[in-house]
1. Could you tell me the relative contact order of the chain? Use alpha-carbon pairs under 8 Å, at least six residues apart, and round to a whole percent.
2. As a quick test, which of the pairs LYS188/LYS258; LYS188/LYS208; LYS3/LYS130 have an alpha carbon distance above 20 angstrom in this structure?
3. Quick check on the exposure proxy: order CYS216, CYS241 from fewest to most C-beta atoms within 10 angstrom.
4. Determine, for MET1, MET234, MET249, MET7, the number of other Cβ atoms within 10 Å of each Cβ, and report the residues in order from fewest to most.
Amino acid sequence: MLKIFSMFSVVRGYNIPVIAFAQYLAAIFIISPNRRALSIILDGNLLILVLSSSLTIATGYIINNFYDSKKDLINRPKKSQIDRLVSQATKLQVYFTVNIVVVLLAFLISFRAVLFFSFYIFFIWFYSHKLKKYAIVGNLTASFLAVFPFFAIFLYYKNLFPQIFVHALFLFLLLFIREIVKDFENLKGDIANNYSTIPVKYGELFAKRIILILVCSTIVPVYFLVDVYDVGYMDLYFYICLLVLFIFMIVLNKANDKKHYLLLHNILKIIIVSGVFSIVLINPKVLLHAEKLFGF
């Protein structure tokens with residue numbers, strides 16, 4: 001049971017259901033809003049895509065944990081102790097086995113899906129093994145990989161709505177900010193293990209300025225989503241989000257230790273997760289129809 005709990009910690013099992021849920025909500029409300037919600041929910045190919053994405057993300061956490069084991073001993077000693085209940089060899093066995101399962105599942109959809117997930121698996125490994133250690137490039141890659149599962153849904157439905165890209169840009173900016181904040185959290189471990197992150201290479205003041213620029217940049221996609229495109233009642237989320245990001249900048253300006261950066265990281269997590277659930281505000285009538293259909 002301890003080893004199962006350890007593996008759950010390694011793959012961050014609490015994150016994966018949220019991502020899967022976000023993919024379904026994005027498919028229903030953003031990527032394919034003209035299709036009936038029930039037909040999307042009962043789509044077997046979509047289920048395979050979401051399952052494959054979830055498994056790939058899980059293996060991504062495994063390989064990331066494998067390469068960051070020494071760094072995590074410094075940055076997250078308690079979590080590292082739990083993660084080490086499962087041997088490195090076992091982690092690699094699970095990593096390769098699950099990735100093979102992902103490719104086999106992708107074959108059930110199409111050869112394009114096989115290529116998509118093969119590229120995704122390789123890119124995650126390359127990031128964990130090489131790119132993560134480099135300033136800016138590592139942050140950009142991590143943010144891109146976090147958004148990448150949604151492109152699987154986008155390619156499946158073949159929709160080219162411009163608002164999809166604006167939603168993706170907003171999420172990408174938040175993830176980019178989060179990656180730099182994580183660099184502040186992991187500063188000691190990064191220095192000890194020769195990771196050339198933005199705070200390590202360019203200094204904390206420069207890294208804070210980059211974050212402030214990125215926070216201000218979120219105004220651009222928010223403007224388009226609220227004033228140009230129709231996002232229903234989700235505009236309330238974006239208004240609240242801007243207010244929270246303003247508070248975030250005040251806290252960031254005064255931050256000088258790990259506790260402050262952990263608080264900032266948690267603020268960003270709340271913004272991102274609440275954004276997932278706020279997608280339903282684009283068209284709440286869909287939920288009302290679902291309630292009638294299933295007799296809730």
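The numbers here are math on the coordinates, done by the rules we state, and not lab data. This is a predicted model, so every value here is computed, not measured. Every residue, glycine as well, gets a Cβ built from its backbone with ideal geometry; the counts of neighbours run over all protein chains shown.
1. Relative contact order for the chain comes out at 20 percent.
2. Exceeds cut-off: LYS3/LYS130.
3. Details: CYS216 12, CYS241 20.
Least to most surrounded, the residues fall as CYS216, CYS241.
4. MET1, MET249, MET7, MET234
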